[in-house]
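Notes follow the structure.
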Amino acid sequence: MTERIKQISEAFGAKISGAETLGDLNNIKIKYLGKNGEVTELLKNLKNCLAEERPIIGKKINELRQRIENSINEREKNLAEKAKLKKLEEEEIDVTLSLAHKDTTGALHPLTITKNMFINIFAGMGFEVKEGPEIELDYYNFQLLNIPADHPSRDMQDTFYITDKILLRTQTSAVQARVMLEEKPPIRIICPGKVFRADDDATHSPMFHQMEGLVIDEKDKVTLGDLKGCLDEFARKFFGEDSRIRLRPSYFPFTEPSVEMDVSCFMCKGKGCRLCKNTGWIEILGAGIVNPIVLDNCGIDSKKYSGYAFGIGIERCAMLKFGIPDIRILFENDIRFLRQYK
Ligand code: DAH
């Protein structure tokens, strides 16, 4: 028995140092420690030994077993480490290699470009950026803005309701109300953001973006003339220095008087073309003098203060500026479309 133990020990030594892979190692493990392995056999044969020899031989077998286990574990660690280094070497990346597709950096989305241009233009006129929630209360989106529950103008804006009091805001005008309730005049803010309406075709998307503007100051400091000056500056900066604007009478419940602003067609310079439907003008935004009812609703004394407001559609301006024919292209995120805006 002792002789056999010695033999196994020596044979194992030779085998283990020759093991080059985890597979080899597994085979060795089975050969010695498996159910019919050589060491297992020794243990089974222990019962044939003389009773007085059994404890000594048993101890030797156990020591052998322990040694084999330890060696296998150690070798296993060794081989795993080697395999990892080999893999790292094989997968080494040559950072000096030139790329077949250099076109992998991103670009800003045309809506982000447009929004950033708006912000820059109005920041240059002293406006501060404010944000409000997209999930809004009827109270801020409609009621405070002089659009009571039964008001027909609600039909102009097909609303996504969550409950009868909570909705997806239909207009960034909701932020006006929030800011007026929180701050004292003078107020000079723009509020860019997402708005939602149940509307879906080539020029309407159920989710789109607007930018609201609001200026409030002492009564004679903010007039329709100031509004026009501000919008004129915006149009020239965004559509080109030779752009002109015109205001047409309109109706919004939160402004009185209300206007719609057209910009002279920057494609035909006012001569008439497909873009401006031969009128020479393109409708851009709604605006007006803040209705005193709205000021009072929002805790601002309409006898002391007045203001002007405007709301610009960001998609509409982006589509005009970049010649995008269908609003849905803006939300498909087709890489061939987006790549053009690098
Ligand atoms: N909220 C209006 C809309 O979504 C746009 C608008 C018009 C905003 C006139 C204003 C405004 O602040 O004065 O159609």
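The values are calculated or read from the model by the stated rules, or taken from the named source; none is laboratory data. Not measured: the values here are computed from a predicted model. FYI the Cβ positions are ideal-geometry reconstructions off the backbone, even for glycines, and counts take in every protein chain you see. Quick note on the areas: whole protein, heavy atoms, side chains included, nothing else; ligands and nucleic acids left out. Shrake-Rupley method; radii C 1.70, N 1.55, O 1.52, S 1.80 Å.
Things to note:
- Selection over the stretch 75-107 of residues that are out of contact with any Leu (no Cβ under 9 Å at 6 or more places or on another chain) and either aromatic (F, W, Y) or modelled with pLDDT of 85 or more (or both) gives a count of 12.
- Note on the stretch 227-245: among residues that are among the small types (G, A, S) and crowded, with 16+ Cβ neighbours inside 10 Å, the one that is modelled with the highest pLDDT is A235.
- Some residue of the stretch 300-316 being in a helix (DSSP H, G or I), within 13 Å of the ligand (Cβ to nearest atom) and among the acidic types (D, E): yes
- Breaking point among (1) away from the ligand (no atom under 14 Å from the Cβ); (2) part of a strand (DSSP E or B); (3) open to solvent by less than 20 Å² (accessible area, probe 1.4 Å); (4) at pLDDT 95 or above, for I282: (4)
- Flag if D199 is away from the ligand (no atom under 13 Å from the Cβ), at pLDDT below 95 and not β-branched (V, I, T): no
- Per-region count, the stretch 16-42, residues part of a loop (DSSP other than H, G, I, E, B) and open to solvent by less than 80 Å² (accessible area, probe 1.4 Å): 4
- Hits in the stretch 1-15 - residues which are in contact with a helix residue (DSSP H, G or I) (Cβ under 6 Å, 6 or more places away or on another chain) and either open to solvent by 70 Å² or more (accessible area, probe 1.4 Å) or not in a helix (DSSP H, G or I) (or both): M1, K15
- Inside the stretch 316-337, residues that are closer than 23 Å to G193 by Cβ and either open to solvent by 40 Å² or more (accessible area, probe 1.4 Å) or in contact with a strand residue (DSSP E or B) (Cβ under 8 Å, 6 or more places away or on another chain) (or both) make up a count of 11.
- Filter result for S258 (crowded, with 17+ Cβ neighbours inside 10 Å, away from the ligand (no atom under 12 Å from the Cβ) and of a type in the set (G, A, S)): no
- The criterion of being over 22 Å from F208 (Cα atoms), open to solvent by less than 60 Å² (accessible area, probe 1.4 Å) and outside any helix (DSSP H, G or I) holds for P148.
- Listed by first and then second residue, the pairs with beta-carbon distance under 8 Å, at least 6 apart or on different chains, first residue in the stretch 258-272 and at positive phi, second among the hydroxyl-bearing types (S, T, Y) and in a loop (DSSP other than H, G, I, E, B), are G272/T279.
Per-residue answers, yes or no, for (1) more than 14 Å from the ligand (Cβ to nearest atom); (2) assigned to a loop (DSSP other than H, G, I, E, B); (3) on the phi < 0 side of the Ramachandran plot:
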{"position": "T163", "(1), (2), (3)": "yes, yes, yes"}
{"position": "K184", "(1), (2), (3)": "yes, yes, yes"}
{"position": "G213", "(1), (2), (3)": "no, no, yes"}
{"position": "F238", "(1), (2), (3)": "yes, no, yes"}
{"position": "P249", "(1), (2), (3)": "no, no, yes"}
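- Residue match in the stretch 173-181 (condition: over 21 Å from P206 (Cβ atoms), more than 29 Å from the chain's Cα centre (by Cα), assigned by TED's automatic domain parsing to the domain that holds K321 and of a type outside the set (S, T, Y)): yes
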